[in-house]
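Okay, structure first, notes after.
The values are calculated or read from the model by the stated rules, or taken from the named source; none is laboratory data. What you are looking at is a predicted structure, and each value in this text was computed from that prediction instead of being measured. For neighbour counting, all protein chains shown are included, and Cβ atoms are generated from backbone atoms with ideal geometry for every residue, glycine included.
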Amino acid sequence: MKTFILGRTKEEVERLVPENQIKTVRLGEEKICLSRVGNAYFAFERTCPHRKADLANGFINKFQEVICPLHQYRFNLVTGRCHQSNCQDLKLFKNEITPEGLKIYI
Ligand code: FES
């Protein structure tokens with residue numbers, strides 16, 4: 001497991017990851033999505049487990065879910081669970097906001 005740090009302060013991370021938006025970041029070999037709802041940060045795989053749509057083009061709703069832009073499946077950003085039983089869970093990456101930035105564990 002590798003640890004990446006985004007930003008240098010909490011405030012900088014808030015600017016880099018505006019609330020309810022989806023940002024794509026490259027961490028080493030991997031491109032992932034980042035989102036923030038209030039003070040909670042979510043790091044998750046970029047491609048949808050259903051048919052591989054780019055989740056960076058999706059939406060975040062008020063229930064801490066990402067909605068895929070292609071077929072509108074919803075994935076819980078806390079558990080990774082999809083609301084459709086025929087779909088695999090979304091891969092999540094552990095992260096932690098610190099005074100020195102957002103630590104993301106890949
Ligand atoms: S590709 Fe994401 S829901 Fe179908």
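Here are some notes:
- Restricting the first member to region 23-38 and to residues that are closer than 13 Å to Leu102 by Cα and at pLDDT below 95, and the second to residues that are of a type outside the set (D, E, K, R) and surrounded by fewer than 18 Cβ atoms within 10 Å (Cβ to Cβ), the beta-carbon pairs closer than 6 Å and six or more apart or on different chains are Leu27/Ile106.
- Reported count of residues in region 25-48, each being over 22 Å from Lys2 (Cβ atoms) and surrounded by 16 or more Cβ atoms within 10 Å (Cβ to Cβ), is 2.
- Of the residues examined, Ile106 is one that is of a type in the set (A, V, I, L, M) and at pLDDT below 95.
- Criterion applied to Lys62, Lys103 was being among the basic types (Lys, Arg), assigned to a strand (DSSP E or B) and surrounded by fewer than 18 Cβ atoms within 10 Å (Cβ to Cβ), and the one residue passing it is Lys103.
- Among the residues of region 70-79, those identified as of a type outside the set (A, V, I, L, M, F, W, C) and surrounded by fewer than 16 Cβ atoms within 10 Å (Cβ to Cβ) are His71, Gln72, Thr79.
- Residue match in region 65-74 (condition: modelled with pLDDT of 95 or more, in contact with a Ser or Thr (Cβ under 9 Å, 6 or more places away or on another chain) and within 30 Å of Arg8 (Cα to Cα)): yes
- Some residue of region 7-22 being modelled with pLDDT of 95 or more, within 16 Å of the ligand (Cβ to nearest atom), surrounded by 18 or more Cβ atoms within 10 Å (Cβ to Cβ) and under 17 Å from Arg81 (Cα atoms): no
- When region 36-58 is limited to residues that are within 16 Å of the ligand (Cβ to nearest atom) and in a strand (DSSP E or B), the one that is nearest to Leu70 (Cα to Cα) turns out to be Asp54.
- When residues of region 65-93 are limited to those that are part of a strand (DSSP E or B) and of a type in the set (Phe, Trp, Tyr), the one farthest from the ligand (Cβ to nearest atom): Phe93
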